[in-house]
Structures are given as C-alpha cells and as structure tokens.
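A.B. asks: Before I ask anything, let me first share the structure, which is written out below as structure tokens.
The values are calculated or read from the model by the stated rules, or taken from the named source; none is laboratory data. The model shown is predicted, which means the values in this text are computed figures rather than measured ones. Don't worry about glycine lacking a Cβ; one is built from the backbone with ideal geometry, like all the others, and counts go over all protein chains shown. Ligands, DNA and RNA are stripped out before the accessible areas are found, and what is left, the full protein with its side chains, is counted by its heavy atoms. Shrake-Rupley method; radii C 1.70, N 1.55, O 1.52, S 1.80 Å.
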Amino acid sequence: MLSESEAHISRNLYSVRAMPMRVLTVGKKRSQGTQLLVEEYKEKLGHYCDVEDTLIKSNPKLTSDVKVQIEAEDASMMQQLKAEDFVVVLDENGKDVMSEQIADLIGDAGNTGSSRLTFCIGGPYGLGIQVRERADATIRLSSLVLNHQVALILLMEQLYRAWTIIKGQKYHH
C-alpha cells in the first residue's frame with residue numbers, strides 16, 4: 001500500500017508541468033566550491049526544467065543598521081519577483097518538509113497557473129516582511145540555521161532529488 005505522499009507522487013508521475021525555476025539568494029560573492037556545485041545541479045536540473053540562479057547583493061546600502069539592511073535587501077528581492085511567480089520562501093520558521101513534499105510542491109505549483117517557481121533565500125538576517133508576505137509557501141530545509149551558501153547547495157540538491165522523485169527515477173531511495 002502506498003503512503004499518501006507516494007500515491008500523490010505516482011498520480012503526478014510525468015504529468016508535472018516543467019515550469020521554469022528560479023533561485024534568488026541574498027549574499028556576497030560565492031565561494032568557488034559553492035558556485036561549482038550550483039552549476040553542477042543547474043546542469044542536472046536542466047534535464048527537467050529551465051533553472052535560473054540570481055545572487056542579490058547583501059547590504060546594498062552598506063549600512064550597519066540591520067533593519068535598514070533587511071529593508072534594502074527586501075526591496076531588491078521584491079524587484080526580482082513577478083506577479084505570476086509562485087514564490088517559496090526558505091525560512092527557519094517555515095514548514096518542515098521532506099523530499100517527497102518538495103516534489104509535491106513543484107507539482108502543485110505547476111497547477112496554479114503561475115509561470116515560474118521562485119525560491120527565495122535571505123541574507124544573514126533573513127528575509128524582509130514584503131517577501132515573506134508575498135510567499136505562496138514558506139518552508140525550511142533544516143531545523144539548523146544555515147548560511148545562504150549552504151542553504152543554496154542543499155536547496156539545489158533537493159530540487160534535483162524532487163524531480164527524480166516526480167519522474168520515478170532511482171536517485172531517491
């Protein structure tokens with residue numbers, strides 16, 4: 001007997017619309033290792049859908065005022081979002097999700113009429129109120145607090161894993 005999640009996945013097998021995905025990350029220049037891993041997962045994900053990766057400059061106003069920094073990063077991220085995006089915010093207070101639930105999220109987002117699935121990763125002080133309110137879903141990848149580079153790598157791997165689940169491939173055991 002299939003669990004509810006497995007049944008949902010098997011019903012959606014091959015019927016998930018491969019809408020473009022975008023990952024918005026607030027931060028400074030990435031390490032070489034992080035960028036190599038991101039590029040590797042973008043290539044793997046390219047077999048399933050178009051993937052865009054955008055780095056938004058951390059602390060664009062070069063302020064020591066945390067509130068001003070968050071607000072500036074929030075405004076920069078909001079400029080990147082379109083009305084037709086399905087927005088998923090990664091936040092330490094978000095819903096705990098398993099890999100199968102990320103696969104469900106991708107499948108469900110494809111059925112909303114949205115034109116793109118956008119994941120948002122905040123900077124050192126998290127995401128601002130505008131982006132949080134704009135979110136269609138709020139998840140967390142771990143109960144640990146992760147810096148934006150680690151969160152990005154983990155997200156990219158989970159997006160790849162989700163697509164292999166959707167397609168019934170053997171990557172996920």
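A.B. asks: Taking residue 163 as meeting all but one of (1) open to solvent by 40 Å² or more (accessible area, probe 1.4 Å); (2) out of contact with any strand residue (DSSP E or B) (no Cβ under 9 Å at 6 or more places or on another chain), write down the number of the exception.
C.D. replies: (1)
A.B. asks: Against the condition of a type in the set (A, V, I, L, M, F, W, C), over 26 Å from residue 46 (Cβ atoms), under 14 Å from the mean Cα position of the chain (by Cα) and open to solvent by less than 50 Å² (accessible area, probe 1.4 Å), how does residue 127 come out, does it pass? Break it down into steps so the answer makes sense when it comes.
C.D. replies: Details: of a type in the set (A, V, I, L, M, F, W, C): yes; over 26 Å from residue 46 (Cβ atoms): yes; under 14 Å from the mean Cα position of the chain (by Cα): yes; open to solvent by less than 50 Å² (accessible area, probe 1.4 Å): yes.
Yes, satisfied.
A.B. asks: So which pairs qualify, if the first residue must be in segment 82-107 and more than 16 Å from residue 154 (Cα to Cα), the second must be exposed (fewer than 14 other Cβ atoms within 10 Å of the Cβ), the Cβ gap must be under 7 Å, and the two must be at least 6 apart or on different chains?
C.D. replies: Going by the 7 Å Cβ cut-off, the qualifying pairs are 84/115; 86/112.
A.B. asks: Follow-up. I need the full set of residues from segment 71-81 which are polar (S, T, N, Q) and free of Cβ contacts under 8 Å to residues at least 40 places away in the same chain, in order please. Give the steps one after another, and end with the answer.
C.D. replies: Going residue by residue through segment 71-81, those that are polar (S, T, N, Q) are 76, 79-80.
Of everything in segment 71-81, just one residue is polar (S, T, N, Q) and free of Cβ contacts under 8 Å to residues at least 40 places away in the same chain, namely 79.
Residue-wise test of (1) more than 24 Å from residue 29 (Cα to Cα); (2) more than 14 Å from the chain's Cα centre (by Cα); (3) of a type in the set (Asp, Glu).
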position	(1), (2), (3)
87	no, no, no
102	yes, no, no
136	yes, no, yes
155	no, no, no
159	no, no, no
172	yes, yes, no
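A.B. asks: Return the residues of segment 73-95 that are out of contact with any strand residue (DSSP E or B) (no Cβ under 6 Å at 6 or more places or on another chain), of a type in the set (D, E, K, R) and open to solvent by 60 Å² or more (accessible area, probe 1.4 Å); say none if nothing qualifies.
C.D. replies: Passing the criteria: 82, 84.
A.B. asks: When you look at residue 134, is it crowded, with 16+ Cβ neighbours inside 10 Å, on the phi < 0 side of the Ramachandran plot and out of contact with any Ser or Thr (no Cβ under 9 Å at 6 or more places or on another chain), yes or no? I'd like the intermediate steps shown before the answer.
C.D. replies: Working: crowded, with 16+ Cβ neighbours inside 10 Å: yes; on the phi < 0 side of the Ramachandran plot: yes; out of contact with any Ser or Thr (no Cβ under 9 Å at 6 or more places or on another chain): yes.
Criteria met by residue 134.
A.B. asks: So, residue 44, is that one over 18 Å from the mean Cα position of the chain (by Cα) and either part of a loop (DSSP other than H, G, I, E, B) or at pLDDT 95 or above (or both) or not?
C.D. replies: Working: over 18 Å from the mean Cα position of the chain (by Cα): no; either part of a loop (DSSP other than H, G, I, E, B) or at pLDDT 95 or above (or both): yes.
No; evaluated as a whole, the condition is false for this residue.
A.B. asks: Here is a further query. So residue 70 ticks every box in (1) open to solvent by less than 30 Å² (accessible area, probe 1.4 Å); (2) within 15 Å of residue 129 (Cα to Cα); (3) in a helix (DSSP H, G or I) but one. Which box is left unticked?
C.D. replies: In the conditions (1) open to solvent by less than 30 Å² (accessible area, probe 1.4 Å); (2) within 15 Å of residue 129 (Cα to Cα); (3) in a helix (DSSP H, G or I), residue 70 misses (1) alone.
A.B. asks: Any idea how many residues of segment 138-147 are of a type in the set (Ser, Thr, Tyr) and either closer than 15 Å to residue 109 by Cα or within 14 Å of the chain's Cα centre (by Cα) (or both)? Before the answer, list the steps.
C.D. replies: The first filter runs over segment 138-147 and keeps only residues of a type in the set (Ser, Thr, Tyr), leaving 138, 142-143.
Subsequent filtering for residues that are either closer than 15 Å to residue 109 by Cα or within 14 Å of the chain's Cα centre (by Cα) (or both) retains 138, 142.
Residues that pass the stated criteria total 2.
A.B. asks: Next question. From (1) exposed (fewer than 15 other Cβ atoms within 10 Å of the Cβ); (2) within 14 Å of the chain's Cα centre (by Cα), pick out the condition that doesn't hold for residue 122.
C.D. replies: Only one criterion in (1) exposed (fewer than 15 other Cβ atoms within 10 Å of the Cβ); (2) within 14 Å of the chain's Cα centre (by Cα) is unmet by residue 122, namely (1).
A.B. asks: Right, next: Quick check on segment 39-67: of everything there that is closer than 20 Å to residue 134 by Cβ and basic (Lys, Arg), which residue is surrounded by the most Cβ atoms within 10 Å (Cβ to Cβ)? Lay out the reasoning, then the answer.
C.D. replies: Applying the first criterion (closer than 20 Å to residue 134 by Cβ) to segment 39-67 yields 52-58, 60, 67.
Then drop every residue that is not basic (Lys, Arg), which leaves 57, 67.
Details: 57: 15, 67: 10.
By that ranking, first place goes to 57.
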